[in-house]
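See structure below.
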Amino acid sequence: NAGVTQTPKFQVLKTGQSMTLQCAQDMNHEYMSWYRQDPGMGLRLIHYSVGAGITDQGEVPNGYNVSRSTTEDFPLRLLSAAPSQTSVYFCASTDRGQGAGYTFGSGTRLTVV
Amino acid sequence: AQTVTQSQPEMSVQEAETVTLSCTYDTSESDYYLFWYKQPPSRQMILVIRQEAYKQQNATENRFSVNFQKAAKSFSLKISDSQLGDAAMYFCAYRSAWGDGGTSYGKLTFGQGTILTVHP
């Protein structure tokens, strides 16, 4: 099992550029989420999905789009990158098992200049 | 909405000693789950231990144990016999047991994190 695979691991963007962070899981998990990690603020939820075709906003959704066409994939799109989006991004998945912890990807460090 | 607070930005411990990391949370729910995650310099998020709110017994995983005080909404992590490999950022996290229509069920709410340094 590969678990949760995130690509790329590092990325530098110029302000105004767009890009997609890829996330794939092979555990048949229903729930997938994107978090961003900033110093002193822990991890904050951007968007999440409870299954293919169903997505919803988290705590900090502005500037990001998501879609869930398959159970396995949950890409995060930055529409027009801004320096405030410089962060470490994590994709995570979990199943319906009561109290199951999330499985996290290895993270993407994004710098917007 | 739930909130999770870790009031210790940094902690340090001598190798082989015991350290306790604090976490408090706020919720109106009676059924939920609490987690401690470890993030070493590699950035990987590693589940350390979990606690189910309806269980009174404190969870234990080898050298890691929790002190869960439901009425006080407190969830501290005790690391015994600290090792150099325990040095990391530690996050406390909350997860609802039941969501409204099942959509918030999978959300994790994190605290700000505590950086643990282990001195040889």
Inset, instruction - Work out the mean other chain Cβ neighbour count within 10 Å for the residues of B:106-118 and drop it here as an integer. - result: 5
Inset, instruction - Could you tell me whether chain B comes out rounded, prolate or oblate from its Cα gyration tensor? Rule is a ≥ b ≥ c as square roots of the eigenvalues, rounded for a/c under 1.5, then prolate if a/b exceeds b/c, otherwise oblate. - result: prolate
Inset, instruction - Mind checking segment A:23-113 for trypsin sites (Lys or Arg not before Pro) that DSSP puts in a loop (not H, G, I, E or B) and that have at most 14 other Cβ atoms within 10 Å? - result: A:ARG96
Inset, instruction - Determine, for B:MET89, A:MET41, B:MET45, the number of other Cβ atoms within 10 Å of each Cβ, and report the residues in order from fewest to most. - result: A:MET41, B:MET89, B:MET45
Inset, instruction - Name the shape class, rounded, prolate or oblate, that the alpha-carbon gyration tensor gives for segment A:39-97, where a ≥ b ≥ c are the square roots of its eigenvalues, rounded holds for a/c under 1.5, and otherwise prolate holds if a/b is larger than b/c and oblate otherwise. - result: oblate
Legend entry - Dipole moment magnitude, nearest 20 debye, chain B about Cα centre, only Lys, Arg, Asp, Glu C-beta charged: 180 debye
Inset, instruction - Could you please rank A:HIS29, B:HIS119, placing first whichever residue has the fewest other Cβ atoms within 10 Å of its Cβ? - result: B:HIS119, A:HIS29
Inset, instruction - Using R₀ = 35 Å, calculate the FRET efficiency as 1/(1 + (r/R₀)^6) where r is the Cβ-Cβ separation of B:SER42 and A:LYS14; round to 0.05. - result: 0.80
Inset, instruction - Please work out the Cα convex hull volume for segment A:1-91 and give it in Å³ per residue. - result: 90 Å³
Legend entry - Pairwise Cα inverse-distance average, inverted: Kirkwood Rh of the protein assembly as shown (Å): 18.2 Å
Legend entry - Shielding score for B:42-51, defined as the mean number of other chain Cβ atoms within 10 Å: 4
Legend entry - Charged-residue dipole, Cβ positions (Lys, Arg, Asp, Glu), chain A about Cα centre, Debye nearest 20: 380 debye
Legend entry - For the protein assembly as shown, with +1 on Lys and Arg beta carbons and -1 on Asp and Glu, the positive-most of A:MET27, A:THR94, A:LEU110 along the dipole: A:LEU110
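All of the numbers you see were taken from the coordinates with simple rules; none came from a lab. These numbers come from a predicted model, not from an experiment. Cβ sites come from the backbone with ideal geometry, for glycine too, and all protein chains shown count toward neighbours.
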